[in-house]
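Visitor: Take this structure first; my questions come after.
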Amino acid sequence: MAFGKVGVVGLGTMGAGIAEVLARGGIDTVGIEVNEAALERGRTTVENSTARAVTRGRLTEEAREQILGRLTFSTDFTDLGDRDLVIEAVPELIDLKAKVFAQLDKVCRPDAVLATNTSSLSVTEIAGATTRPESLVGVHFFNPAVVMKLVEIIYSERSRPEHVEAVTSFVRDLGKVPVTIGDRAGFVANRLLFGLLGPAAQLAETGVAKEDIDASLKELGLPMGPLTLMDLIGLDTCLEVLESIHADSGSPRHEPAGLLRKLVSEGSLGRKSGGGFYTYDRAGSGTVVAPVEGTASAEVAEQLYGPYLQDAAEMVKSGYCTADDADAAMTLGCGFPVGPIAALRERGTWQD
Ligand SMILES: NC(=O)c1ccc[n+]([C@@H]2O[C@H](COP(=O)([O-])OP(=O)(O)OC[C@H]3O[C@@H](n4cnc5c(N)ncnc54)[C@H](O)[C@@H]3O)[C@@H](O)[C@H]2O)c1
(Lines give C-alpha, C1' and ligand atoms only; values in the text may rest on other atoms or scores of the structure.)
Protein backbone atom coordinates (compact mmCIF):
# COMPACT_ATOMS: atom_id res chain seq x y z
CA MET A 1 0.00 0.00 0.00
CA ALA A 2 1.26 3.46 -0.86
CA PHE A 3 -0.32 4.80 2.31
CA GLY A 4 0.49 2.73 5.38
CA LYS A 5 -0.34 5.45 7.89
CA VAL A 6 -3.53 7.40 7.42
CA GLY A 7 -5.40 10.04 9.45
CA VAL A 8 -9.09 10.89 9.47
CA VAL A 9 -10.25 14.30 10.72
CA GLY A 10 -13.84 14.31 12.02
CA LEU A 11 -15.33 11.03 13.27
CA GLY A 12 -19.02 11.67 12.63
CA THR A 13 -21.28 9.70 10.29
CA MET A 14 -18.68 9.48 7.54
CA GLY A 15 -15.35 9.81 9.33
CA ALA A 16 -16.03 6.98 11.79
CA GLY A 17 -17.03 4.72 8.89
CA ILE A 18 -13.97 5.70 6.84
CA ALA A 19 -11.69 5.04 9.84
CA GLU A 20 -13.28 1.58 10.17
CA VAL A 21 -12.77 0.86 6.44
CA LEU A 22 -9.10 1.81 6.76
CA ALA A 23 -8.50 -0.26 9.90
CA ARG A 24 -10.30 -3.22 8.31
CA GLY A 25 -7.92 -2.82 5.36
CA GLY A 26 -4.90 -3.22 7.65
CA ILE A 27 -4.03 0.48 7.79
CA ASP A 28 -2.57 2.16 10.87
CA THR A 29 -5.22 4.86 11.39
CA VAL A 30 -5.37 7.96 13.59
CA GLY A 31 -8.82 9.53 14.12
CA ILE A 32 -8.95 13.19 15.15
CA GLU A 33 -11.89 14.97 16.74
CA VAL A 34 -12.60 18.45 17.97
CA ASN A 35 -13.05 17.54 21.67
CA GLU A 36 -13.09 14.53 24.01
CA ALA A 37 -16.88 14.06 23.88
CA ALA A 38 -16.89 13.92 20.07
CA LEU A 39 -13.84 11.64 20.15
CA GLU A 40 -15.64 9.25 22.47
CA ARG A 41 -18.69 9.24 20.16
CA GLY A 42 -16.46 8.40 17.20
CA ARG A 43 -14.70 5.60 19.07
CA THR A 44 -18.05 4.17 20.24
CA THR A 45 -19.39 4.23 16.66
CA VAL A 46 -16.52 2.05 15.44
CA GLU A 47 -16.66 -0.23 18.50
CA ASN A 48 -20.41 -0.76 18.10
CA SER A 49 -20.24 -1.24 14.34
CA THR A 50 -17.52 -3.91 14.59
CA ALA A 51 -19.32 -5.56 17.56
CA ARG A 52 -22.48 -5.84 15.39
CA ALA A 53 -20.39 -7.44 12.65
CA VAL A 54 -19.16 -10.05 15.17
CA THR A 55 -22.73 -10.74 16.36
CA ARG A 56 -23.83 -11.25 12.76
CA GLY A 57 -20.95 -13.64 12.12
CA ARG A 58 -19.27 -11.33 9.60
CA LEU A 59 -16.17 -10.77 11.70
CA THR A 60 -14.39 -12.92 14.29
CA GLU A 61 -13.73 -11.45 17.73
CA GLU A 62 -10.02 -11.80 16.99
CA ALA A 63 -10.31 -9.84 13.72
CA ARG A 64 -12.30 -7.16 15.57
CA GLU A 65 -9.54 -6.82 18.17
CA GLN A 66 -6.99 -6.43 15.37
CA ILE A 67 -9.10 -3.75 13.66
CA LEU A 68 -9.53 -1.80 16.90
CA GLY A 69 -5.81 -2.23 17.61
CA ARG A 70 -4.99 -0.35 14.38
CA LEU A 71 -7.01 2.68 15.49
CA THR A 72 -5.69 5.53 17.64
CA PHE A 73 -7.95 8.38 18.73
CA SER A 74 -6.78 11.89 19.51
CA THR A 75 -7.82 15.53 19.77
CA ASP A 76 -4.29 16.66 18.94
CA PHE A 77 -3.62 17.52 15.28
CA THR A 78 0.12 17.04 15.77
CA ASP A 79 -0.59 13.29 15.93
CA LEU A 80 -1.08 13.56 12.16
CA GLY A 81 2.58 14.55 11.71
CA ASP A 82 3.72 11.10 10.52
CA ARG A 83 0.73 10.34 8.25
CA ASP A 84 1.10 9.50 4.53
CA LEU A 85 -2.52 10.48 3.82
CA VAL A 86 -5.07 12.51 5.82
CA ILE A 87 -8.78 12.43 4.96
CA GLU A 88 -10.91 15.35 6.16
CA ALA A 89 -14.54 14.52 7.05
CA VAL A 90 -15.76 17.55 9.02
CA PRO A 91 -19.17 19.20 8.32
CA GLU A 92 -19.87 20.63 4.89
CA LEU A 93 -18.90 24.25 5.66
CA ILE A 94 -16.19 25.84 3.55
CA ASP A 95 -14.89 28.05 6.38
CA LEU A 96 -14.58 25.08 8.73
CA LYS A 97 -12.84 22.98 6.06
CA ALA A 98 -10.47 25.89 5.33
CA LYS A 99 -9.64 26.10 9.05
CA VAL A 100 -8.95 22.36 9.22
CA PHE A 101 -6.70 22.43 6.13
CA ALA A 102 -4.78 25.41 7.55
CA GLN A 103 -4.10 23.24 10.63
CA LEU A 104 -3.11 20.29 8.41
CA ASP A 105 -0.70 22.55 6.49
CA LYS A 106 1.13 23.15 9.76
CA VAL A 107 1.35 19.56 11.03
CA CYS A 108 1.45 17.25 8.00
CA ARG A 109 4.60 16.08 6.28
CA PRO A 110 5.37 18.08 3.11
CA ASP A 111 4.93 14.92 1.00
CA ALA A 112 1.65 13.86 2.67
CA VAL A 113 -1.42 13.60 0.46
CA LEU A 114 -4.46 15.52 1.75
CA ALA A 115 -8.01 14.44 0.94
CA THR A 116 -11.50 15.80 1.46
CA ASN A 117 -14.71 13.78 1.72
CA THR A 118 -16.84 16.74 0.59
CA SER A 119 -20.00 15.82 -1.31
CA SER A 120 -21.04 19.19 -2.67
CA LEU A 121 -18.28 21.76 -2.21
CA SER A 122 -15.74 22.42 -4.92
CA VAL A 123 -12.54 20.41 -4.40
CA THR A 124 -10.71 23.18 -6.26
CA GLU A 125 -12.03 25.77 -3.80
CA ILE A 126 -11.02 23.65 -0.81
CA ALA A 127 -7.57 23.18 -2.41
CA GLY A 128 -7.32 26.97 -2.51
CA ALA A 129 -7.56 26.98 1.29
CA THR A 130 -4.30 25.03 1.66
CA THR A 131 -0.75 26.19 1.00
CA ARG A 132 -0.29 22.95 -1.00
CA PRO A 133 -3.22 22.71 -3.43
CA GLU A 134 -1.33 20.19 -5.57
CA SER A 135 -1.49 17.72 -2.66
CA LEU A 136 -5.30 17.79 -2.36
CA VAL A 137 -7.60 15.13 -3.82
CA GLY A 138 -11.33 14.56 -3.27
CA VAL A 139 -12.17 11.13 -1.84
CA HIS A 140 -15.94 10.84 -1.71
CA PHE A 141 -17.10 7.80 0.27
CA PHE A 142 -20.79 6.95 0.39
CA ASN A 143 -22.91 6.37 3.47
CA PRO A 144 -22.51 3.90 5.18
CA ALA A 145 -18.83 3.89 4.23
CA VAL A 146 -18.25 0.32 5.44
CA VAL A 147 -21.01 -1.04 3.20
CA MET A 148 -21.04 1.14 0.09
CA LYS A 149 -18.51 0.07 -2.52
CA LEU A 150 -18.31 3.27 -4.56
CA VAL A 151 -15.69 5.94 -3.84
CA GLU A 152 -15.49 8.94 -6.17
CA ILE A 153 -11.92 10.22 -6.52
CA ILE A 154 -11.94 13.87 -7.61
CA TYR A 155 -8.98 15.79 -8.97
CA SER A 156 -8.83 19.55 -9.19
CA GLU A 157 -6.93 21.33 -11.95
CA ARG A 158 -4.03 21.56 -9.54
CA SER A 159 -3.97 18.00 -8.12
CA ARG A 160 -0.76 16.12 -8.90
CA PRO A 161 -1.64 13.19 -11.20
CA GLU A 162 0.57 10.77 -9.24
CA HIS A 163 -1.37 11.58 -6.05
CA VAL A 164 -4.66 10.94 -7.84
CA GLU A 165 -3.35 7.61 -9.16
CA ALA A 166 -1.98 6.61 -5.75
CA VAL A 167 -5.28 7.40 -3.99
CA THR A 168 -7.25 5.56 -6.68
CA SER A 169 -5.22 2.36 -6.31
CA PHE A 170 -5.23 2.69 -2.51
CA VAL A 171 -9.04 2.83 -2.50
CA ARG A 172 -9.18 -0.17 -4.85
CA ASP A 173 -6.86 -2.11 -2.51
CA LEU A 174 -9.31 -1.35 0.31
CA GLY A 175 -11.92 -3.35 -1.62
CA LYS A 176 -13.82 -0.34 -2.96
CA VAL A 177 -14.65 0.61 -6.54
CA PRO A 178 -13.05 3.96 -7.38
CA VAL A 179 -14.46 6.24 -10.07
CA THR A 180 -11.92 8.96 -10.87
CA ILE A 181 -13.29 12.20 -12.29
CA GLY A 182 -12.76 15.95 -12.56
CA ASP A 183 -14.23 18.53 -10.19
CA ARG A 184 -17.84 19.25 -11.08
CA ALA A 185 -20.82 19.97 -8.76
CA GLY A 186 -22.36 16.68 -7.64
CA PHE A 187 -19.57 14.63 -9.29
CA VAL A 188 -21.20 11.61 -10.99
CA ALA A 189 -23.53 9.97 -8.47
CA ASN A 190 -25.14 13.02 -6.85
CA ARG A 191 -25.31 14.88 -10.17
CA LEU A 192 -27.38 12.03 -11.64
CA LEU A 193 -29.30 11.17 -8.47
CA PHE A 194 -30.38 14.76 -7.81
CA GLY A 195 -31.47 15.06 -11.44
CA LEU A 196 -34.10 12.54 -10.34
CA LEU A 197 -34.78 13.76 -6.78
CA GLY A 198 -35.08 17.48 -7.61
CA PRO A 199 -37.73 16.96 -10.31
CA ALA A 200 -39.58 14.51 -8.00
CA ALA A 201 -39.96 17.33 -5.45
CA GLN A 202 -41.05 19.70 -8.25
CA LEU A 203 -43.67 17.15 -9.31
CA ALA A 204 -44.96 16.83 -5.74
CA GLU A 205 -45.33 20.61 -5.71
CA THR A 206 -47.62 20.47 -8.75
CA GLY A 207 -50.02 18.31 -6.74
CA VAL A 208 -49.07 14.77 -7.80
CA ALA A 209 -49.45 12.62 -4.65
CA LYS A 210 -46.10 11.88 -3.02
CA GLU A 211 -47.08 8.25 -2.49
CA ASP A 212 -47.80 7.90 -6.23
CA ILE A 213 -44.43 9.44 -7.18
CA ASP A 214 -42.62 7.06 -4.83
CA ALA A 215 -44.65 4.02 -5.93
CA SER A 216 -43.98 4.82 -9.60
CA LEU A 217 -40.20 4.76 -9.20
CA LYS A 218 -40.19 1.78 -6.86
CA GLU A 219 -41.97 -0.06 -9.64
CA LEU A 220 -38.73 0.37 -11.67
CA GLY A 221 -36.85 -1.53 -8.95
CA LEU A 222 -35.38 1.45 -7.08
CA PRO A 223 -34.76 0.60 -3.41
CA MET A 224 -37.07 3.41 -2.29
CA GLY A 225 -39.08 6.23 -3.78
CA PRO A 226 -37.33 9.59 -4.37
CA LEU A 227 -39.29 11.51 -1.73
CA THR A 228 -38.70 8.80 0.89
CA LEU A 229 -35.01 8.92 -0.04
CA MET A 230 -34.90 12.71 0.33
CA ASP A 231 -36.44 12.39 3.80
CA LEU A 232 -33.73 9.85 4.64
CA ILE A 233 -30.85 12.01 3.31
CA GLY A 234 -32.23 15.10 5.09
CA LEU A 235 -34.09 17.85 3.26
CA ASP A 236 -31.58 20.52 4.32
CA THR A 237 -28.75 18.47 2.78
CA CYS A 238 -30.87 17.88 -0.35
CA LEU A 239 -31.48 21.62 -0.67
CA GLU A 240 -27.75 22.40 -0.32
CA VAL A 241 -26.77 19.78 -2.90
CA LEU A 242 -29.44 20.92 -5.37
CA GLU A 243 -28.38 24.55 -4.94
CA SER A 244 -24.77 23.71 -5.67
CA ILE A 245 -25.63 21.56 -8.71
CA HIS A 246 -28.12 24.17 -9.98
CA ALA A 247 -25.50 26.95 -9.67
CA ASP A 248 -23.26 24.87 -11.94
CA SER A 249 -25.76 23.43 -14.44
CA GLY A 250 -28.36 26.21 -14.61
CA SER A 251 -30.86 23.49 -15.50
CA PRO A 252 -34.46 24.12 -14.37
CA ARG A 253 -34.55 20.43 -13.37
CA HIS A 254 -31.97 21.15 -10.65
CA GLU A 255 -33.80 24.20 -9.34
CA PRO A 256 -34.93 23.40 -5.78
CA ALA A 257 -38.73 23.17 -5.60
CA GLY A 258 -40.51 25.86 -3.57
CA LEU A 259 -42.04 23.01 -1.57
CA LEU A 260 -38.57 21.78 -0.59
CA ARG A 261 -37.50 25.27 0.49
CA LYS A 262 -40.73 25.68 2.49
CA LEU A 263 -40.26 22.35 4.33
CA VAL A 264 -36.65 23.22 5.20
CA SER A 265 -37.56 26.72 6.41
CA GLU A 266 -40.25 25.19 8.65
CA GLY A 267 -37.67 22.83 10.17
CA SER A 268 -39.20 19.77 8.47
CA LEU A 269 -35.89 18.16 7.58
CA GLY A 270 -37.02 14.58 6.96
CA ARG A 271 -36.63 11.54 9.19
CA LYS A 272 -34.12 13.21 11.49
CA SER A 273 -36.66 15.89 12.54
CA GLY A 274 -39.68 13.55 12.53
CA GLY A 275 -41.23 15.03 9.39
CA GLY A 276 -40.44 16.02 5.82
CA PHE A 277 -42.43 14.91 2.80
CA TYR A 278 -43.83 12.27 5.19
CA THR A 279 -44.61 12.42 8.91
CA TYR A 280 -42.73 9.91 11.11
CA ASP A 281 -43.74 8.57 14.51
CA ARG A 282 -40.69 10.24 16.09
CA ALA A 283 -37.47 12.03 15.12
CA GLY A 284 -34.97 9.56 13.67
CA SER A 285 -37.59 6.93 12.91
CA GLY A 286 -38.40 5.56 9.47
CA THR A 287 -41.98 4.62 10.44
CA VAL A 288 -44.49 6.78 8.57
CA VAL A 289 -47.60 7.87 10.47
CA ALA A 290 -50.82 6.78 8.68
CA PRO A 291 -49.03 5.45 5.57
CA VAL A 292 -50.97 5.58 2.31
CA GLU A 293 -50.45 2.98 -0.43
CA GLY A 294 -49.41 4.83 -3.60
CA THR A 295 -50.51 3.99 -7.12
CA ALA A 296 -47.68 3.40 -9.59
CA SER A 297 -47.93 5.19 -12.90
CA ALA A 298 -45.68 4.39 -15.86
CA GLU A 299 -46.16 7.97 -17.06
CA VAL A 300 -44.91 9.50 -13.80
CA ALA A 301 -41.99 7.04 -13.71
CA GLU A 302 -40.93 7.94 -17.26
CA GLN A 303 -41.33 11.67 -16.61
CA LEU A 304 -38.62 11.37 -13.95
CA TYR A 305 -36.54 8.38 -15.08
CA GLY A 306 -36.28 9.30 -18.79
CA PRO A 307 -34.49 12.66 -18.25
CA TYR A 308 -32.25 11.00 -15.64
CA LEU A 309 -31.14 8.48 -18.29
CA GLN A 310 -30.54 11.32 -20.74
CA ASP A 311 -28.40 13.16 -18.14
CA ALA A 312 -26.25 10.04 -17.82
CA ALA A 313 -25.98 9.69 -21.60
CA GLU A 314 -24.88 13.31 -21.93
CA MET A 315 -22.40 12.96 -19.07
CA VAL A 316 -20.74 10.00 -20.79
CA LYS A 317 -20.85 11.58 -24.27
CA SER A 318 -19.24 14.76 -22.88
CA GLY A 319 -16.29 12.63 -21.73
CA TYR A 320 -16.76 13.47 -18.05
CA CYS A 321 -16.95 9.80 -17.11
CA THR A 322 -17.13 6.42 -18.81
CA ALA A 323 -20.30 4.36 -19.26
CA ASP A 324 -18.97 1.90 -16.66
CA ASP A 325 -18.33 4.78 -14.22
CA ALA A 326 -21.89 6.07 -14.59
CA ASP A 327 -23.30 2.59 -14.02
CA ALA A 328 -20.97 1.93 -11.06
CA ALA A 329 -21.91 5.27 -9.50
CA MET A 330 -25.62 4.54 -9.55
CA THR A 331 -25.52 0.84 -8.65
CA LEU A 332 -22.71 0.91 -6.08
CA GLY A 333 -23.19 4.45 -4.74
CA CYS A 334 -26.99 4.76 -4.81
CA GLY A 335 -28.20 1.15 -4.74
CA PHE A 336 -30.01 1.30 -8.09
CA PRO A 337 -30.61 -2.20 -9.48
CA VAL A 338 -29.27 -1.25 -12.89
CA GLY A 339 -27.01 1.57 -14.09
CA PRO A 340 -28.35 4.25 -16.45
CA ILE A 341 -26.23 3.24 -19.46
CA ALA A 342 -27.12 -0.42 -18.95
CA ALA A 343 -30.78 0.70 -18.83
CA LEU A 344 -30.35 2.61 -22.10
CA ARG A 345 -28.76 -0.49 -23.64
CA GLU A 346 -31.76 -2.54 -22.52
CA ARG A 347 -33.99 0.03 -24.21
CA GLY A 348 -31.88 -0.28 -27.35
CA THR A 349 -31.14 3.45 -27.35
CA TRP A 350 -27.42 3.38 -26.50
CA GLN A 351 -24.64 3.10 -29.08
CA ASP A 352 -21.28 2.03 -27.59
N1 LIG B 1 -23.59 12.03 5.76
C2 LIG B 1 -23.51 11.59 4.52
O3 LIG B 1 -24.38 10.85 4.04
C4 LIG B 1 -22.33 11.97 3.67
C5 LIG B 1 -22.03 11.19 2.54
C6 LIG B 1 -20.89 11.48 1.79
C7 LIG B 1 -20.10 12.58 2.14
N8 LIG B 1 -20.44 13.35 3.22
C9 LIG B 1 -19.55 14.46 3.55
O10 LIG B 1 -18.70 14.06 4.62
C11 LIG B 1 -18.37 15.18 5.43
C12 LIG B 1 -18.75 14.89 6.86
O13 LIG B 1 -20.15 14.65 6.91
P14 LIG B 1 -20.82 13.84 8.12
O15 LIG B 1 -22.20 13.54 7.68
O16 LIG B 1 -19.93 12.74 8.56
O17 LIG B 1 -20.85 14.97 9.26
P18 LIG B 1 -21.05 14.77 10.82
O19 LIG B 1 -21.62 16.05 11.31
O20 LIG B 1 -21.76 13.49 11.11
O21 LIG B 1 -19.55 14.59 11.37
C22 LIG B 1 -18.59 15.62 11.32
C23 LIG B 1 -17.64 15.43 12.50
O24 LIG B 1 -16.61 16.39 12.38
C25 LIG B 1 -16.25 16.82 13.68
N26 LIG B 1 -15.57 18.10 13.63
C27 LIG B 1 -16.11 19.34 13.48
N28 LIG B 1 -15.13 20.27 13.49
C29 LIG B 1 -13.96 19.61 13.62
C30 LIG B 1 -12.61 20.03 13.70
N31 LIG B 1 -12.28 21.30 13.62
N32 LIG B 1 -11.66 19.08 13.86
C33 LIG B 1 -11.98 17.77 13.94
N34 LIG B 1 -13.26 17.31 13.89
C35 LIG B 1 -14.24 18.23 13.72
C36 LIG B 1 -17.58 16.87 14.41
O37 LIG B 1 -17.38 16.82 15.83
C38 LIG B 1 -18.31 15.65 13.85
O39 LIG B 1 -18.12 14.50 14.66
C40 LIG B 1 -19.08 16.37 4.81
O41 LIG B 1 -18.21 17.02 3.94
C42 LIG B 1 -20.22 15.72 4.03
O43 LIG B 1 -20.65 16.50 2.94
C44 LIG B 1 -21.53 13.05 4.00
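Visitor: Give THR72, THR124 a once-over and let me know the one that is touching a Gly at 6+ places or on another chain (Cβ under 9 Å), more than 10 Å from the ligand (Cβ to nearest atom) and polar (S, T, N, Q).
Guide: The match here is THR72.
Visitor: Quick check on the range 257-285: of everything there that is in a loop (DSSP other than H, G, I, E, B) and free of Cβ contacts under 8 Å to residues at least 12 places away in the same chain, which residue is surrounded by the fewest Cβ atoms within 10 Å (Cβ to Cβ)?
Guide: ARG282
Visitor: So, PHE170, is that one aromatic (Phe, Trp, Tyr) and away from the ligand (no atom under 16 Å from the Cβ) or not?
Guide: Yes: the conditions hold for PHE170.
Visitor: Something else: Which condition breaks for GLY207 when tested against (1) under 22 Å from MET330 (Cα atoms); (2) assigned to a loop (DSSP other than H, G, I, E, B); (3) more than 20 Å from the chain's Cα centre (by Cα)?
Guide: (1)
Visitor: Additional query: Just checking: which of the strands (runs of 3 or more DSSP E) contained wholly in the range 113-204 hold 1 or more residues that are surrounded by fewer than 21 Cβ atoms within 10 Å (Cβ to Cβ) and at pLDDT 95 or above?
Guide: Ranges flagged: 177-182.
Visitor: Same structure again: Does GLU346 fit the bill of being part of a helix (DSSP H, G or I) and loosely packed, with under 13 Cβ neighbours inside 10 Å? If you could, list the steps in order and put the result at the bottom.
Guide: Details: part of a helix (DSSP H, G or I): yes; loosely packed, with under 13 Cβ neighbours inside 10 Å: yes.
Taking the combined requirement at face value, the residue satisfies it.
Visitor: Limited to the range 307-327, what total is found for residues that are among the small types (Gly, Ala, Ser) and closer than 17 Å to LEU196 by Cα?
Guide: Total meeting the criteria: 3.
Visitor: Is it the case that LEU121 is closer than 21 Å to GLY4 by Cα and in the same structural domain as ALA53 (by TED's automatic domain parsing)?
Guide: no
Visitor: Another question, if that's okay. Can you tell which of GLN310, GLN303 is part of a helix (DSSP H, G or I) and more than 23 Å from SER119 (Cα to Cα)?
Guide: It is GLN303.
Visitor: Do you know which residues across the range 83-107 are farther than 7 Å from VAL9 by Cβ, part of a loop (DSSP other than H, G, I, E, B) and either more than 10 Å from the ligand (Cβ to nearest atom) or touching a strand residue (DSSP E or B) at 6+ places or on another chain (Cβ under 7 Å) (or both)?
Guide: ARG83, ASP84
Visitor: Whether any residue in the range 299-311 is within 16 Å of the ligand (Cβ to nearest atom) and surrounded by 14 or more Cβ atoms within 10 Å (Cβ to Cβ) is what I want to check.
Guide: Checked the range 299-311: no residue is within 16 Å of the ligand (Cβ to nearest atom) and surrounded by 14 or more Cβ atoms within 10 Å (Cβ to Cβ).
Visitor: Here's a follow-up. Does VAL86 satisfy the condition of being in contact with a Cys (Cβ under 8 Å, 6 or more places away or on another chain), β-branched (Val, Ile, Thr) and surrounded by 24 or more Cβ atoms within 10 Å (Cβ to Cβ)?
Guide: Yes.
Visitor: Then there is this: Go through the residues of the range 7-20 one by one and say whether even a single one is within 22 Å of ASP105 (Cα to Cα), in the same structural domain as ALA89 (by TED's automatic domain parsing), without any contact (Cβ under 8 Å) to a residue 60 or more places away in the chain and within 16 Å of the ligand (Cβ to nearest atom).
Guide: yes
Visitor: Using the structure shown, decide if ASP214 is in a helix (DSSP H, G or I) and within 16 Å of the ligand (Cβ to nearest atom).
Guide: No, not satisfied.
Visitor: Here is a follow-up. Test GLY17 against the criterion of being touching a Pro at 6+ places or on another chain (Cβ under 7 Å) and under 25 Å from ASP173 (Cβ atoms), and give yes or no.
Guide: Here the answer is yes, as GLY17 does meet what is asked.
Visitor: Can you pull out every residue in the range 240-256 that is buried (at least 20 other Cβ atoms within 10 Å of the Cβ) and outside any helix (DSSP H, G or I)?
Guide: PRO256
Visitor: Then there's this: Would you say GLY81 is more than 22 Å from the chain's Cα centre (by Cα) and on the phi > 0 side of the Ramachandran plot?
Guide: Considered against the rule, which asks whether it is more than 22 Å from the chain's Cα centre (by Cα) and on the phi > 0 side of the Ramachandran plot, GLY81 comes out as no.
Visitor: Among the residues of the range 24-40, are any assigned to a helix (DSSP H, G or I), farther than 30 Å from LYS97 by Cα and more than 14 Å from the ligand (Cβ to nearest atom)?
Guide: no
Visitor: I'd like the residue in the range 217-238 that is within 13 Å of the ligand (Cβ to nearest atom) and either of a type in the set (A, V, I, L, M) or not in a helix (DSSP H, G or I) (or both) and, out of all such residues, is nearest to ASN143 (Cα to Cα).
Guide: Step one: list which residues in the range 217-238 are within 13 Å of the ligand (Cβ to nearest atom), which gives 229-230, 232-234, 236-238.
Filter once more, so that each one left must be either of a type in the set (A, V, I, L, M) or not in a helix (DSSP H, G or I) (or both): 229-230, 232-234.
On the way: LEU229: 13, MET230: 14, LEU232: 11, ILE233: 10, GLY234: 13 Å.
That would be ILE233.
Visitor: Considering the range 41-60 alone, what residues qualify as being part of a loop (DSSP other than H, G, I, E, B) and out of contact with any Lys or Arg (no Cβ under 9 Å at 6 or more places or on another chain)? Can you show your working first?
Guide: As a first pass, look at the range 41-60 and keep what is part of a loop (DSSP other than H, G, I, E, B): 56-60.
Once the filter is applied, which keeps residues that are part of a loop (DSSP other than H, G, I, E, B) and out of contact with any Lys or Arg (no Cβ under 9 Å at 6 or more places or on another chain), the range 41-60 yields ARG56, GLY57, THR60.
The values are calculated or read from the model by the stated rules, or taken from the named source; none is laboratory data. Remember, predicted model here, so these are calculated numbers, not experimental data. Note that each Cβ is placed from the backbone with ideal geometry, even for glycine, and that neighbours are counted across all protein chains shown.
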